[in-house]
Structure formats: C-alpha cells, structure tokens
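Chemist: Got a structure for you, written out below as structure tokens; questions coming shortly.
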Amino acid sequence: MNFPNFPKDCKSLLCKYLTKEVFEELKNKKTPNGFTIEKAINSGVKNIDSGIGVYAGDKESYDVFAPLFDPIIKEYHGFEKSDKHISNFNPKDLKMTNPDPSSQYILSTRIRVGRNLADFPLGTIISKEQRDEVEKRVSDALKSFDGELSGSYYPLKGMSKDIQEQLIKDHFLFKEGDRFLEAAGLNRDWPEGRGIYHNDDKTFLVWINEEDELRIISMQQGGDIKEVFDRLAKAVDFIQNSVKFMKSEHLGYITSCPTNLGTAMRASVHIKLPKLSRDMDLFKKITDKNHLQIRGVHGEHSESEGGIFDISNKRRLGVSEVDCAYDLYNGVKELIEVEKSL
Ligand code: ADP
Ligand code: CIR
C-alpha cells in the first residue's frame, strides 16, 4: 500500500496524525492476528469525512500501531501515555436527582458500554466461525437473567424487515449498511452472527456483533440518569460473571474504535432545546466546556430533527464510569438553565 492522499480539507484525526514518517514506520507491521495499518486506516481512507478514521483489529493493535493511535487517543480523550485509567462503576458513588423532573426538556436517557471478548479478535477481523461463537456465548449468558432484566434474544437473520426498521426507528437497534463500519470490515457476513437481546420494556438491551461484540444498553423515557446508570451497572456486573471481557491495564476496556476505549461508556439524553439551538455557537460553547458531544437524533452521523439533539459525554478514557455520568449530568443542567433564560 502507498501513502494515502487526503484532500486538503480533510478533518479526520487520521489525516492529521498519519504523517509519511508514521506510515513508513508502520507499513510492514502486523499484529499476531494479522492486522495491518492498511486495515486500520481503510475506513478513514474510504470515508474522507470521518471524524476519526481508524479502527483496531485486536488488543495488540494499540501497541503495534501506537505511533498512530497514541496521538489520536490523546486528542480525543485528553489521555496521555503516562496517565492511568481507573474504573468506578459503583452506583453508590453516583448521587444525583433527575435534572428535569417534569420532563420538559429531556425526552429519554440512554447509557451504553461497549465490550469485546478476551478470547477473540475484534469484529474488524473476526472470522465468521468466531463471530458465531461470540453470538452463542453471549446469548447463552443472557439467558440466565431474571426479573426486570430478563428478555429474549432476536437474531438479525430471519427478523422481518418491518420489525427491524421499527426497532431502528424507535432507537433500539443498530442501523444497517453504515459506510464507516463497512470499510472497517465490521459488516462482513451481515446479518450472520448479529442480533439484539431485550427485556419486555426495552429498558435493557444488548447488541451482539455490531461495532463491538457487545453493546450493553440501559435506556428509558425521561431524564433519570441515575436509574439508567444503576440498571446498567447491575447488568454489566452480571454478564461479566459468565464471559471474560478484553481489557488492558493502560487502556481499560478494549474497543474497535479508539473513541470508545476505557469505560466504553456513552451516556446520552435526547433533549429538546429549541431556543438554544438557534445559537449554535453558544450551544457548542456549553457542550465543549462540559466535555459533551452533540449528535443527531438518529445517532452518530445523523441530523437533528425538531430541535431535539443527542447530547453525550465525549471522554471515556482516563475518567471513570461515574465521571462519564456526571459529565452528562453537569452539562445537561447547564443547557437547561441557559434554555430557560433565553
Ligand atoms: P452508540 O451510542 O451505540 O455509539 P449511535 O450514536 O449510533 O450509537 O446511537 C444508537 C442508537 O441509540 C440510535 O438510534 C440513537 O438515536 C439511539 N439513542 C442514543 N441516545 C439516545 C437517547 N438518549 N434516547 C433514545 N435513543 C437514543
Ligand atoms: C468516524 O471516524 O467518523 C467514524 N469512524 C466514527 C468514529 C467514532 N464513533 C464511533 O466509534 N462510533
């Protein structure tokens, strides 16, 4: 592979940090699973509008290709090589009330964590047989849930298009044909090995074999961040009793996209801010100050609709799970106060 040519206006972290020198240093390297720099950068090379543009193939990718991953991790999470990642997923340390008790602004709250299994490569290079094995191990583990979290596993293969589309529209299921994931190798053999587990109320869900092997999700209407967090903490604790997650001392939970390392947690609200969103500079100033990201209402790379935005924590590494939830809480409180004042 030759050094890729990025257009002048390319804003991805890939094109910022993939210098000719870094490329020369990495171009002949391989991880034990055979992951190469060509595979790592393909998504950002094919999608020049990427924000980041790189994916990992296994835990070792983050060491073998460190000259590219390290500066990206530093810029995205503010996490230095010498920093330590310390986890705290203890609900007792999250003390907060609902920031919008009358549900005037917050429509819904969702918190997810990404996880991958310790014994397999990441989805970018996993084989079909390995992916099927992940699906089996995880869906079997989920069968032992009882009470509020008990539910059923619905494989994507065989699901009717109507049901699939409704689940996507209602924000419960991952979308199909994402071009960033496609170029990263994450859509190979679609829909084999993919599926969704959920309880009856759809307040607890697990996506299997999308961008990460597991996305464990807690969500509900309204703005009770703590209730959503507590449910997720309980579920994650339960799942890790039966399956071993991929983890590193330095980078926390290992995920295919470097933006998800560490806690792999994205805590978000769908929030209606019709006045503030007329002044996007002010809106961005508040979200930047509070380490928050703005997404559209159908998730990443989607547009906002009707003044409703998806607001979530941006940092996930070098901060704890409790910190991620506080980032969301503090930011949302300020956004609501400003919206009220306008
Ligand atoms: P992820 O959070 O898993 O990285 P996306 O940004 O693609 O991925 O979002 C996945 C889905 O979750 C989308 O349908 C999105 O609308 C939905 N979602 C995210 N946050 C919320 C929320 N607070 N309330 C309801 N749905 C949400
Ligand atoms: C991009 O670079 O824009 C995509 N590869 C997504 C990056 C971050 N989002 C994610 O991990 N879902």
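Chemist: Report the trypsin sites (Lys or Arg not before Pro) located in the stretch 49-81 that are in a DSSP loop and have at most 16 other Cβ atoms inside 10 Å of their Cβ, or state none.
Modeler: Sparse-neighbourhood loop trypsin sites (Lys or Arg not before Pro): Lys81.
Chemist: Express the carbon and sulfur contribution to the solvent-accessible surface of the chain as a percent, rounded to the nearest whole number, probe 1.4 angstrom. Each step should come with its number before you reach the end.
Modeler: Values: 7420 of 15410 Å².
Looking at the chain in its full context, I get 48 percent from C and S.
Chemist: Further question: Set the bar at 32 Å for Cα to Cα. Now go through Lys84/Lys275; Lys95/Lys275; Lys84/Lys285; Lys29/Lys289; Lys143/Lys175; Lys8/Lys128 and name every pair that lies beyond it.
Modeler: Numbers: Lys84/Lys275 40 Å; Lys95/Lys275 29 Å; Lys84/Lys285 28 Å; Lys29/Lys289 39 Å; Lys143/Lys175 25 Å; Lys8/Lys128 38 Å.
Long pairs (Cα-Cα over 32 Å): Lys84/Lys275; Lys29/Lys289; Lys8/Lys128.
Chemist: Another question, if that's okay. Taking just the alpha-carbon atoms of the stretch 198-264, what radius of gyration and Dmax come out, in angstrom?
Modeler: Looking at the stretch 198-264, its Cα Rg and Dmax stand at 12.8, 38 Å.
Chemist: Calculate the spin-label point distance for Ile163 paired with Lys275, positioning each point 7 Å from the Cα along the beta-carbon direction, and give it in nanometres.
Modeler: So the label points at Lys275 and Ile163 sit 4.5 nm apart.
Chemist: Over the stretch 91-341, average the accessible area per residue using a 1.4 Å probe and give it in Å², no decimals.
Modeler: Details: 10500 Å² over 251 residues.
Value returned for the stretch 91-341: 42 Å² of accessible area per residue.
Chemist: At Asn330 and Gln220, where each label point lies 7 Å from the Cα along Cα→Cβ, what is the point-to-point distance in nanometres?
Modeler: According to this spin-label approximation, the distance is 2.6 nm.
Chemist: Something else: Sorted from largest down, what three extents in whole angstroms do the Cα atoms of the chain have along their principal axes?
Modeler: Sorted from largest, the Cα extents of the chain read 58, 47, 40 Å.
Chemist: Something else about it: Say R0 is 25 Å: what FRET efficiency, to the nearest 0.05, do Glu303 and Phe172 get from their beta-carbon distance?
Modeler: Efficiency computed from Cβ-Cβ geometry: 0.80.
Chemist: Let me ask you something else. Could you identify which residue out of Pro191, Pro101, Pro155 has the top mean-square fluctuation in a GNM of the chain using Cα springs shorter than 10 Å?
Modeler: Between Pro191, Pro101, Pro155, it is Pro101 that shows the largest mean-square fluctuation.
Chemist: Using a basic spin-label model with each label point 7 Å from the Cα along Cα→Cβ, how many nm lie between Asn241 and Ser144?
Modeler: Taking the two extended label points, one gets 0.7 nm.
Chemist: What residue among Leu282, Leu205, Leu117 has the largest mean-square fluctuation in a Gaussian network model of the chain, using Cα springs under 10 Å?
Modeler: Highest fluctuation among the options: Leu282.
Chemist: Could you rank the peptides 156-163, 170-177 by their average count of other C-beta atoms within 10 Å per residue, with the highest value first?
Modeler: Numbers: 156-163: 11.6, 170-177: 15.1.
By packing density, highest mean first, the sequence is 170-177, 156-163.
Chemist: Filter the GluC sites (Glu not before Pro) in the stretch 184-221 down to the DSSP loop ones having no more than 12 other Cβ atoms within 10 Å, then list what survives.
Modeler: On the way: sites: Glu192, Glu210, Glu211, Glu213; in loops: Glu192, Glu210, Glu211, Glu213.
Counting only loop positions with at most 12 other Cβ atoms within 10 Å, none of the GluC sites (Glu not before Pro) in the stretch 184-221 qualifies.
Chemist: Cα gyration tensor of the stretch 13-77, axes a ≥ b ≥ c as square roots of the eigenvalues: rounded (a/c below 1.5), prolate (a/b > b/c) or oblate?
Modeler: On the way: a/c = 1.41, a/b = 1.35, b/c = 1.05.
In terms of gyration-tensor shape, rounded.
Chemist: How high is the FRET efficiency between Leu342 and Leu107 when r is their beta carbon distance and R₀ equals 25 Å, given to the nearest 0.05?
Modeler: Working: r = 19 Å, r/R0 = 0.77.
Result of the calculation: an efficiency of 0.85.
Chemist: Checking the cross-link filter: which lysines have an alpha carbon closer than 17 Å to that of Lys92, excluding same-chain neighbours under 8 positions apart?
Modeler: The reachable lysines, counting only those whose Cα sits under 17 Å from Lys92, are Lys226, Lys234.
The values are calculated or read from the model by the stated rules, or taken from the named source; none is laboratory data. Nothing here was measured: the structure is a model prediction, and the numbers come from that model. Virtual Cβ from ideal backbone geometry, glycine too; neighbours counted across all protein chains shown. Quick note on the areas: whole protein, heavy atoms, side chains included, nothing else; ligands and nucleic acids left out. Shrake-Rupley method; radii C 1.70, N 1.55, O 1.52, S 1.80 Å.
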